[in-house]
Amino acid sequence: MKQYAGKRNGTAADVSVDGVPLNPRLDLWNHSPSGFEWGYAGSGPAQLALALLADCLGDDQEAVEWHEDFKAAVVAGLQFAGWTMTEEEIRETLDAIINQ
């Protein structure tokens with residue numbers, strides 16, 4: 001099971017999946033070419049939500065379709081200092097969003 005983690009490195013917001021930097025997936029949607037962010041509802045959090053869903057689901061179309069909802073439900077509320085999340089938690093949260 002994949003483990004996702006976000007941490008602060010000075011002013012940078014670094015995100016990894018199983019210890020490897022997470023692909024921002026700018027090819028799907030270029031919300032934030034300057035990088036990931038979390039803890040509020042903006043362009044950096046939108047890029048993070050998209051990248052998390054694309055990596056976790058392996059379905060680019062579904063990631064694009066649901067990333068704004070996932071941003072609002074999850075990414076906007078992540079702790080500023082850092083966070084961890086499992087693949088299972090992402091899938092369960094997305095299922096709850098879809099089935100509202």
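Bear in mind that the values in this text are calculations on the coordinates, not laboratory data. Quick caveat: nothing in here was measured; it's all calculated off a predicted structure.
Just a few scattered comments:
- Translational D in µm²/s for the stretch 1-47 (Stokes-Einstein at 37 °C, 0.692 mPa s, Kirkwood Rh from C-alpha pairs): 293 µm²/s
- Residues whose amide H comes within less than 5 Å of that of Thr86, counting only those at least five positions distant or on another chain, are Tyr4 (H built at 1.01 Å from N in the peptide plane).
- Relative to the dominant Cα principal axis of the chain, helix 60-73 is inclined by about 70°.
- Cα principal axis extents for the chain, largest first, Å: 38, 26, 23
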